[in-house]
Amino acid sequence: MSTSDQDQAVDTPIAAPDADERRLTPRQARRLRIFLSSVGMAAMAVVLGLRIASRSSVLVVGVYGLALILCGIVIELSRNGRTRLGSWLLGIGLVAAIGSDWLLIP
């Protein structure tokens with residue numbers, strides 16, 4: 001390298017990434033999915049407890065039990081690096097659990 005090349009390399013600012021280009025690293029994505037699944041699991045456990053206190057039904061236990069199992073599966077998928085699949089399953093599964101609670105359980 002010549003002296004001018006060294007001066008140019010030092011004086012040239014490094015372009016900072018734009019806010020639009022910020023993405024999560026795979027590790028951050030896994031931790032985020034694990035956190036969201038854990039929060040979903042805790043919320044489903046609370047709702048299950050409240051629903052059982054108001055009326056004891058096998059259907060209530062079944063719907064929320066399946067939602068709890070789904071959250072556990074998503075946590076395991078996220079730990080193994082399958083974050084996209086886990087995200088889709090978590091979103092669709094929780095919407096299905098809430099929808100079935102609203103439609104099926106009187």
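From the residues in the stretch 63-96 that are over 24 Å from Arg27 (Cα atoms) and open to solvent by 30 Å² or more (accessible area, probe 1.4 Å), which one is modelled with the lowest pLDDT?
The first filter runs over the stretch 63-96 and keeps only residues over 24 Å from Arg27 (Cα atoms), leaving 63-67, 95-96.
Now restrict to residues that are open to solvent by 30 Å² or more (accessible area, probe 1.4 Å): 66, 95-96.
Details: Leu66: 85, Val95: 88, Ala96: 88.
Once the filter is applied, the top-ranked residue is Leu66.
Provide a single number: the residues in the stretch 78-91 that are at negative phi and touching a residue at least 24 places away in the same chain (Cβ under 8 Å). Explain how you work it out, then say what you get.
Just the residues of the stretch 78-91 that are at negative phi, to begin with: 78-80, 82-91.
Then keep just the ones that are touching a residue at least 24 places away in the same chain (Cβ under 8 Å); that gives 78-79, 83, 86-87, 90.
Number of matching residues: 6.
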>> Of the conditions (1) at pLDDT 80 or above; (2) surrounded by fewer than 18 Cβ atoms within 10 Å (Cβ to Cβ); (3) farther than 30 Å from Ile105 by Cα, Gly49 satisfies every one except a single condition; which number is it?
In response: (3)
>> Kindly evaluate Gly99 against the criterion of being over 11 Å from the mean Cα position of the chain (by Cα), modelled with pLDDT under 85 and under 26 Å from Leu32 (Cα atoms).
In response: no
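The values are calculated or read from the model by the stated rules, or taken from the named source; none is laboratory data. All values reported here derive from a predicted model rather than from experimental measurement. A quick note on method: Cβ atoms are made from the backbone with ideal geometry, for glycine too, and the neighbour counts reach across all protein chains shown. To get the accessible areas, we keep the full protein, side chains included, count just its heavy atoms, and leave off ligands, DNA and RNA. Shrake-Rupley method; radii C 1.70, N 1.55, O 1.52, S 1.80 Å.
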